[in-house]
1. Compare the Cα positions of ILE140, THR233, ALA159 along the charge dipole of region 124-245 (+1 at Cβ of Lys, Arg; -1 at Cβ of Asp, Glu; about the Cα centre) and return the one farthest towards the positive end.
2. What's the magnitude of the charge dipole for the chain around its Cα centre, counting Lys and Arg as +1 and Asp and Glu as -1 at the beta-carbon? Answer in Debye, nearest 20.
3. Amide H neighbours of THR264 under 5 Å, at least 5 residues apart or on other chains, H built in the peptide plane: list them.
4. What is the magnitude of the charge dipole of region 125-190 about its Cα centre, with +1 placed on the Cβ of each Lys and Arg, -1 on the Cβ of each Asp and Glu, and no other charges, expressed in debye to the nearest 20?
5. Apply the Karplus parameterisation 6.51 cos²θ - 1.76 cosθ + 1.60, with θ equal to phi minus 60°, to every residue of region 381-386 and state each ³J(HN,Hα) to the nearest whole Hz, in sequence, with x for glycine and proline.
6. For region 195-206, just list the computed ³J(HN,Hα) in residue order, Karplus coefficients 6.51, -1.76 and 1.60, θ = phi - 60°, integers in Hz, with x standing in for Gly and Pro.
7. Give me the log10 of I(q) over I(0) for the chain at q = 0.06, 0.07 Å⁻¹, as the Debye formula computes it from C-alpha points; what are the numbers?
8. Tell me whether region 250-296 comes out rounded, prolate or oblate; compute the Cα gyration tensor, take square roots of the eigenvalues as a ≥ b ≥ c, and use a/c under 1.5 as the rounded threshold.
Amino acid sequence: MTTFTELFEIPANTTNEESSRGNSVFRKPSSMASNKPFDYSRARKWAPNADFNDIASFYPSELEKQGVLPQEQLLALNDKYMELWLAKMPTSKKMQEAGKKNMLFGIFGTYQKDWETPILPFAENCLGGKLWDVDGNEYIDFQFGDTPSMFGHGPENPAVKAAADSLMNVGINPMMGTEEQAIAAQELERHFQLPVWMHALTASDSNRYLLSIARCVTGRPNIAIPNFTYHGTIDETQKMMPEAGVISRYHEMPQYHADVDKGTKIFVWNDLESLEECLKDGSVAVVMMEPVMSNFGWAWPEDGWHQGVRELTRKYGTLLCYDETHTLGHAWNGSVGAQNITGFDMWSCGKAISSGIPGAVFGMSREIADAVEKWQHEAGFFAGAGLGFLGNALTGNTMSTTALRVTMQEVMTPEVFTPLLNKAEHVRKGMEDIFIKYKAPFRSESMGNRLCFHFIPDKCHDPLTGLTQIAFGGLFEFAHAYLWYHGLLLMPFFNMFLICPQHTQADLEKFLQVFDDMIAIIMGQKEG
Ligand code: PMP
């Protein structure tokens, strides 16, 4: 079986010299990557050999001194529980095999492949906080398609029900404005501060439109992103720096058209000097980042980071954009609301913003909106709609707009969020108590309705330590196989899960019971 460690491993033979396959250079020394060396000290405390060029080296082997089972035993336990789980999926196995005739890997969307299990699970249906697979196995869902359905599956979520009703009664695409669009946009301003909004269908789309708008209004060629971030299927955001002064793609598939060192600068998260180094030549149109880094383990902002980013971006005339696709559930008004972040120029979100009905939004300041309108008038007919990167045929459709409006008015409200966050806190505290009970050197955290267990005890502020806390190479794999086998669906590529409004107390207690057993096994206090 391919382990996650192997999947994420960067080929060991690469160096910081230019490296390529076919015609595509995927890694080269470049001034587009910050020259500031990384601070490995916090990651190396747990993973003494941590080296960015080999993600497997981020396994926190020091934990064994604190009573955690040795890595080989955890991998053996992973094999055992993975096999037990897969044995419950004969129909999924057949369906995947049959599907291979007409679909890559036997499934339609590659996110459905991201389980990276030898047999991919196939679903029968899902409702509220539950999911049933084609073999009749019942699961408590905590992954919700990696966020989109985190406010609940099906008609138990009022936004999904309203969208379905609208589809049946109103139709989907009049290619005209509707009254609901204006209500939805007002709601977006009430939640996320910015005055002007546009619609897109996925977060990747909305980020792509924002980047193009930022270039248009500033007249600058580059964007800047923190190292180890994810903003969707966008060529220019899929870059990282494996070491200071080196820019790279994440892999060697030669599928990108532009040179790796064109268009994107990379800075170190929580490091204002590194950001300033990127911005000071005045070539950066926009800084795009998450309010809390959440895509490679969690990296919290240090005190003053967001304020410092705002000051530096203003100083160098760069726009500031937050992508809240993963952090939306931090509060009813997003992570910018939860952290009291103000004064940003752009904001973007997909996935759960319309309760999982395809839809994304991007907001902008009035000045940016005026500049785009002016540009579009001046540039003329060919700068409209798709050619102007301002949307596509299905943006603003009635079904997505209804789902968006109802999510804003009936789901992302303080009334729904107060009990939801209480439930999430109950589970976070429950995990923490379990760590104390077994003297496990781990940590539980929540970001609104999003929870995470980290396999190191430290609060993490940098994505390098973030990788260590995931513990690919044993702990991560065993935890997933064990929880999946016991009917608890965690996200396949993170130690991360979501609480939805429809989860019952019994669902949460079941999770904590299984989690208790799992930690007892990991700490060698129960037979696995
Ligand atoms: N931005 C962030 C922060 C994300 O986490 C993701 C997906 N995980 C995306 C954008 C892209 O979302 P989508 O795949 O729906 O386009």
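Only the coordinates and a few stated rules stand behind these numbers; no lab work does. If you're wondering where the values come from, they're calculated on a predicted model, not measured in any experiment. Cβ atoms come from the backbone with ideal geometry, glycine included; neighbour counts cover every protein chain shown.
1. Positive-end residue among those listed: THR233.
2. In total the dipole reaches around 240 debye.
3. Under 5 Å from the amide H of THR264 lie the amide H atoms of ILE223, each far enough along the sequence or on another chain.
4. 120 debye
5. Here the 3J(HN,Hα) series is 3, 6, 8, x, 5, x Hz.
6. With coefficients 6.51, -1.76 and 1.60, one gets x, 10, 9, 10, 10, 9, 9, 9, 5, 4, 4, 5 Hz.
7. The Cα Debye sum returns log10 ratios of -0.28, -0.39.
8. Oblate shape, in that a/c is at least 1.5 and b/c is the bigger or equal ratio.
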